[in-house]
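See structure below.
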Amino acid sequence: MRFINKRMKLKIAHPVANSLGESPIWHSERRSILWVDILEKNLYELIWESQELRSWKMPAKIGTVAIESKNSVIVALQGGIARFNLDSEVLGYLAELETTIETNRPNDGKCDSEGRLWQGTIDLNCAKEAGALCCFDGQNWSKKLGNLTISNVWLCSNFTFELPFLFPK
């Protein structure tokens, strides 16, 4: 099976030296790419046409960015889910996330078509069975699967998950 189209040319969108870059997402209204650097606690936005790179330092490790509106994104931070306004730079917490487990941080996450954020968590040292898959519905979060080691979330539809790096008990 072939996965690479030989006519496709790949290039670096913007040379950024991330420690652990994750969660890239295209923002069609802003015509930009957003992503996070988990370990450096940075949220990035690359405005495609001008190639302007914007970045914001978050107060904690950031695992996911999800689009809420033209100027607002939802971010999963170590300790909570928050709304961040890309223009005013105001961050407001919406819910706590595994605050009783100090050694866990958010890993990858995605939103489904109903606006729910499906968020994986991971131990800072990748301890076996310390992570989880959680769901945030806009008001509350709940743990859906526990005892995971690494959980990267690829949401294919409202009924199918692909968890390629999911290592349950």
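Computed quantities for the displayed model
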{"quantity": "In the stretch 25-43, the residues that are surrounded by fewer than 20 Cβ atoms within 10 Å (Cβ to Cβ) and of a type in the set (A, V, I, L, M)", "calculated": "Ile25, Ile33, Leu39"}
{"quantity": "Cβ-Cβ under 7 Å pairs, at least 6 apart or on other chains, the stretch 113-137 side closer than 10 Å to Asn147 by Cα and modelled with pLDDT of 90 or more, far side loosely packed, with under 13 Cβ neighbours inside 10 Å and hydrophobic (A, V, I, L, M, F, W, C)", "calculated": "none"}
{"quantity": "Arg83 being buried (at least 21 other Cβ atoms within 10 Å of the Cβ), in a strand (DSSP E or B) and not small (Gly, Ala, Ser)", "calculated": "no"}
{"quantity": "Residue within the stretch 44-56 that is within 27 Å of Ser142 (Cβ to Cβ) and either surrounded by fewer than 17 Cβ atoms within 10 Å (Cβ to Cβ) or in contact (Cβ under 8 Å) with a residue 24 or more places away in the chain (or both) present", "calculated": "no"}
{"quantity": "Pair list, Cβ < 6 Å and 6+ apart or interchain, from the stretch 60-72 residues that are surrounded by 17 or more Cβ atoms within 10 Å (Cβ to Cβ) to residues that are among the hydroxyl-bearing types (Ser, Thr, Tyr)", "calculated": "Thr64/Ser23; Val65/Ser23"}
{"quantity": "Within the stretch 142-169, tally of residues that are under 25 Å from Arg83 (Cβ atoms) and modelled with pLDDT under 85", "calculated": "7"}
{"quantity": "Count of residues meeting criterion [at pLDDT 95 or above and under 20 Å from Val16 (Cβ atoms)] in the stretch 78-108", "calculated": "3"}
{"quantity": "Qualifying residues in the stretch 98-132 (those that are within 13 Å of the chain's Cα centre (by Cα) and aliphatic (A, V, I, L, M)) - the one surrounded by the fewest Cβ atoms within 10 Å (Cβ to Cβ)", "calculated": "Ile122"}
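The values are calculated or read from the model by the stated rules, or taken from the named source; none is laboratory data. Because the structure is a prediction, the values reported are computed rather than measured. So basically every Cβ, Gly included, is an ideal-geometry build from the backbone, and we count neighbours across all protein chains shown.
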